[in-house]
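Computed from the coordinates by the stated procedures, all read-outs in this text should not be read as laboratory data. Everything numeric here is computed off the predicted structure, so don't read it as measured data. Every residue, glycine as well, gets a Cβ built from its backbone with ideal geometry; the counts of neighbours run over all protein chains shown.
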Amino acid sequence: MVVVVCNRTEPRLMVRTRIVIGAVLVLLFVVSSCARSSSGDLGVRAGCTDAVAVRTMAGPEVLMAVSAYECRGRDGRLLSYREAVDHLSQAMWGSLRLPVDAFLVRVGRSADADAAPVVLPREELASRFGPGPPGVVRAVSQRESGEWIWILLPVAFVLVGLFVLRLGRFLTRSGVAVVLFRG
């Protein structure tokens, strides 16, 4: 909760102060929010934890890279590697919207020690789990690497900090007192 007290009765200063404080709070909220990567309810449908699917290119082929930490059966037991791969593949194949050439499936932890990634071509997926999405496989657009954000974030934090310090100095000189209550 933010309380702004102004010694002056000048309404423009109050409006500007509230706008600036609101903008700073919104900016801090946006900069500090962090979204976790997920693939909808793929993990719930497959019975797996931390399931993520990413459509990517591997040479001329379009792959769906599907991974999960572990998969458990309905009874709660840890599935074997092959069963976990089948559960993940079937759940992803049933929800696929765009066709792909193959699946690359990885499971981090299973009942047996086999942990090599499994490549399942489109024909095998269609024969085991039914027809997939119709249409022509289209290449994945290559986006730029997201590593620039790690350079931008510290700079943004420094700039926001300097802005808040300047704002506090300006408000103090103009006779405005800002009281922050943390609850």
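Rank these for me by crowding, LEU88, LEU63, LEU27, LEU125, going from fewest to most other beta carbons within 10 Å.
On the way: LEU88 28, LEU63 18, LEU27 15, LEU125 21.
Arranged by neighbour count, lowest to highest, LEU88, LEU63, LEU27, LEU125 become LEU27, LEU63, LEU125, LEU88.
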Q) What is the fewest-to-most order of ARG72, ARG12 by other Cβ atoms lying within 10 Å of their Cβ? A) ARG12, ARG72
Q: Could you compute the FRET efficiency for TRP150 and THR49, with r as their C-beta to C-beta distance and R0 at 35 Å, rounded to 0.05?
A: 0.85
Q. What's the percent breakdown of Cα-Cα distances in region 63-130 across 10 Å bins, shortest bin first?
A. 22, 54, 23, 2
Q) Rounded to the nearest 0.05, what FRET efficiency do VAL158 and ILE19 have when you use their Cβ-Cβ distance and R0 = 35 Å? A) 0.95
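Out of all DSSP beta bridges in region 42-129, what portion is antiparallel? Express it as a percent rounded to 5. Please list the in-between numbers first.
On the way: 14 of 21 bridges.
Here the antiparallel bridges make up roughly 65 percent for region 42-129.
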